[in-house]
1. Take each of the peptides 242-251, 179-188, average the number of other beta-carbon atoms within 10 Å over its residues, and list them starting from the highest.
2. Pairs LYS139/LYS245; LYS168/LYS245; LYS103/LYS145; LYS145/LYS245; LYS99/LYS247: which are spaced more than 24 Å apart, C-alpha to C-alpha?
3. Hey, any idea what Rg/Rh is for region 138-226, computing Rh the Kirkwood way over Cα pairs?
4. Once both labels are modelled 7 Å past Cα along the beta-carbon direction, what's the ASP70-ASN236 spacing in nm?
Amino acid sequence: MSRMADEQSTQIKAAEAAPAAQQEAPKQEAEAEKAASKARVKRQPKQASAEAAPAGVMTRRLLFDKYSFDVDVADLSLRNYINLRPSRYPISYRRGSQKPFSKVNVGIIERLENSLMRGGTGSKVGGHVIRTEGRLQGKKLKVIKIIEEAFDIVNSRTGANPVQVLIKALENSAPIEDTTHVVYGGITSNVAVDVSASRRLDIALRNIAHATVIGAFGNERTMAEALANELILASNADINSFALKRKNEIERMARSAK
């Protein structure tokens with residue numbers, strides 16, 4: 001009797017569990033369909049990107065979406081300090097500026113932008129001090145537009161990559177020697193010293209920025225035209241370049257101090 005009772009109870013439990021299983025089956029199928037649809041949606045962007053960029057081809061960032069950063073730096077001493085990290089519109093907000101040698105991590109185009117954001121020459125040029133009256137100080141977007149226009153002018157005049165023209169101009173206008181003041185027994189004298197690569201690049205950028213401000217001061221020439229003209233002259237090692245004149249003057253004073 002006990003066996004028959006057990007068999008009946010198991011049959012009743014199986015009969016009760018069958019409808020529950022039938023109800024859970026559609027739910028599981030619906031959940032599986034939802035998971036499959038989500039997986040398809042996630043795969044769609046990857047398929048679109050794969051169609052846009054062929055397999056094995058990497059997309060490169062161009063300066064202003066026009067000019068490549070694939071240029072040659074012939075000066076070995078400047079090669080470690082000229083940062084050519086690709087960027088469409090170089091602006092880093094000077095993050096990490098408190099770290100030593102942080103300028104090495106700043107792109108060369110952005111360093112040119114920072115040099116142009118100045119209030120003038122800072123010293124007398126041609127007998128007077130040139131002031132920009134705050135037209136460039138802190139206005140980085142305005143300076144970026146000036147550089148973009150200048151690079152377009154350089155490209156139209158020379159047909160070369162303006163980034164390569166800038167690198168060549170920096171190499172030609174970076175002085176190798178300079179003078180410093182040394183005191184011996186109360187007597188001050190000038191002594192010729194070698195210039196580090198970091199300071200060579202700083203001087204070249206500063207002189208190109210000075211030439212741009214001077215070239216656009218009191219003339220019908222715009223800042224972009226003055227910058228383009230200076231870059232072309234300095235890259236060709238033309239004696240009419242202001243940056244090249246300053247370099248020759250610094251090196252001449254260093255030779256006379258030997």
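1. Answer by packing, highest mean first, reads 242-251, 179-188.
2. Working: LYS139/LYS245 29 Å; LYS168/LYS245 16 Å; LYS103/LYS145 22 Å; LYS145/LYS245 27 Å; LYS99/LYS247 29 Å.
Exceeds cut-off: LYS139/LYS245; LYS145/LYS245; LYS99/LYS247.
3. Ratio of gyration radius to Kirkwood radius for region 138-226: 1.14.
4. 2.8 nm
Bear in mind that the values in this text are calculations on the coordinates, not laboratory data. Computed from a predicted structure; not experimentally measured. Every residue, glycine among them, receives a Cβ derived from its backbone with ideal geometry; neighbour counts consider all protein chains shown.
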